[in-house]
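What follows is a set of notes on a single structure, which appears directly below.
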Amino acid sequence: MTQRVLNFTVESSDERLTPRAGEAVLGEYFKAIGLDRLCNDHFPVSKSNHSYRPFEMIQPLLLMLHAGGRVLEDIRTITSDKGLRTLLGIKRIPTADTVGKWLKRTGLQGVYAVEQINRILLKRYLKSIDEPLILDMDATVIESHKSIAMPTYKALPGFTPMTGHVNGGYMIHSEFRPGNMAPADNNLTFLKRCEAQLPKRRRFTYLRADSASYQAELFNYCNRNGIIYLVGAHLDTPTLQNIKQITEWETLDRHDGEYHHIKEEVAEFLHTMNHTDHAFRIIVVRRRVTPILPTMETFLDEEALLSLANERYSVIATNAEDTAQEVVRLYRQRGETSENRIKALKGGFNLNYLPTSDFMANALYFQIGALAYNLFILFKRTLQKNWQKHTVQTIRYKLYNIAGKVITHARKRILKVNKEFVELLNHIRRRCYEISLE
């Protein structure tokens, strides 16, 4: 007899069980928005009758990324999930090797296809966006030790994709770039490509970016086209000289009118740079930093504290007419709307890993990851309101990883789950049906 601590035995079962019953409603959402048709219409189709259709390649990848898969081999988790495959009507799934070859073969054509699909889905996202559109541009680093990886600006080998998020959520455009391409390269071109994704009669009101976009041609374009830019500026010699001449500073408060626990002050001056066709404002934030041990300030008088204080400056270039305080608050929202979104993309969908040593295959894989991220942003709208701010890791825990059993009775497929999840899944399915009628 097998020795054991607890009194239960382990046996096999021929029943169709799934540990990802919640992903079935995600797959139903894909069907509701016509993702299968979009993929098959925009991706190149093989002429062989025995080849996989584009959606047969992409759907398992999307499900795998949503489920937390990290490498192409993790597509096996979808292959072995007979319950999920039965619910979604998936008859065949390619192997990891087949997917890798398809990524290399499809390459640039696939990148353009995903761009077209994201443009169509963007219209669905913008339907509920009534406020002015804000574009957040930012580059990120994917560390990689593939043979084609190049040194990045962080002195690590890898790649430096450029991303653009609109109103803190949807990734409107992205470009997969080699690691030795500077974040400042082709930023104006990237902005124009983001604009090209917008439907007619929709325009960006604001552009936010870090100091990599501190460029005269970008400022001139925004100023001529009515775009308000808020861009991190350079603390170069002329800027520092102007800062030293400032005599009036205003205490920076929070949005609720209260002061921050770390005292910050704000001021501004007009500035120009070579090749700009207009003067713009430089908003300066000054923070006093006292390099002493915590709690030691209680033992020092004010004169001693001032003698130990150092000043730190951060600067923002803008053509906005808002007050300096409003500019600072709006610019600082980048931390949530851009930097945290990139973390959600790379961490939540495991895009810190790239599958091949082929640049265009990796570019297509990254774009499919961006598509998975955008679909997640759209899918969350079918959820109850208190869930719509959850990360993919939380949704994975609360929804995707619901266990279920699939049975067939009188030619009907039935998904059995715990009683507490029945209304949750049925609510999402009702929303999917409503969306399919739009």
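Which residue fluctuates the most in the chain, going by a Gaussian network model with Cα springs under 10 Å, if the choices are F349, F159, F299? Highest fluctuation of the listed residues: F299. Near R334, within a Cβ-to-Cβ distance under 12 Å, what is the net charge of the other residues, with Lys and Arg +1 and Asp and Glu -1? Result for the local shell: -1. Note on R53 and D130: the model spin-label points, each 7 Å out from Cα along the C-beta direction, lie 3.9 nm apart.
Relative contact order for region 177-241: 32 percent, from Cα pairs under 8 Å spaced at least 6 residues apart, divided by residue count.
If you plug the beta carbon distance of K101 and Y397 into 1/(1 + (r/R0)^6) with R0 = 35 Å, you get a FRET efficiency near 0.55.
Couplings 3J(HN,Hα) for region 54-67, derived from phi with the Karplus relation 6.51 cos²θ - 1.76 cosθ + 1.60 (θ = phi - 60°), are x, 5, 5, 7, 7, 4, x, 5, 5, 5, 5, 5, 5, 7 Hz, where x marks Gly and Pro. Taking only C-alpha pairs under 8 Å that are 6+ residues apart, what is the relative contact order of the chain in percent? Once divided by the residue count of the chain, the mean separation gives 22 percent.
Label sites at Q109 and L188, each approximated as a point 7 angstrom past Cα along Cα to Cβ, lie 3.5 nm apart.
Quick note on region 56-185: its Rg to Rh ratio, both from C-alpha atoms and Rh being the Kirkwood radius, is 1.02. Pop the C-beta distance of T79 and R37 into the FRET formula with R0 = 30 Å and round what comes out to the nearest 0.05. It comes out at approximately 0.80.
Using θ = phi - 60° in the Karplus curve 6.51 cos²θ - 1.76 cosθ + 1.60, the 3J(HN,Hα) couplings for region 9-18 round to 10, 10, 9, 7, 9, 8, 5, 7, 9, 9 Hz; x is entered for Gly and Pro. An ellipsoid equivalent to region 1-122, defined through the eigenvalues of its Cα gyration tensor, has semi-axes of 33, 16, 13 Å when rounded to whole angstrom and sorted largest first. Net charge in the neighbourhood of R208 (other residues with Cβ under 14 Å of its Cβ; Lys, Arg +1, Asp, Glu -1) is -3. Each Lys or Arg adds one and each Asp or Glu subtracts one; over the other residues with Cβ under 14 Å from the Cβ of T77, this totals +2. For E248, E73, the sequence from fewest to most other C-beta atoms within 10 Å is E248, E73. Pairs exceeding a 28 Å alpha-carbon distance, out of K104/K405; K31/K123; K82/K146: K104/K405; K82/K146. Let a ≥ b ≥ c be the square roots of the eigenvalues of the Cα gyration tensor of the chain; is it rounded (a/c under 1.5), or, if not, prolate (a/b larger than b/c) or oblate? Cα axes put the chain in the prolate bin. What's the FRET efficiency of L437 with I120 using the Cβ-Cβ distance as r and R₀ = 22 Å, to the nearest 0.05? It comes to 0.80.
Pairs of Cα atoms nearer than 8 Å and 6+ residues apart set the relative contact order; for region 77-226 it is 20 percent. Taking amide H as placed 1.01 Å from N in the peptide plane, D210 has its amide H under 5 Å from the amide H of G232, each at least 5 places away in sequence or on another chain.
Every number here is computed from the coordinates shown, using simple stated rules; none is lab data. Not measured: the values here are computed from a predicted model. For neighbour counting, all protein chains shown are included, and Cβ atoms are generated from backbone atoms with ideal geometry for every residue, glycine included.
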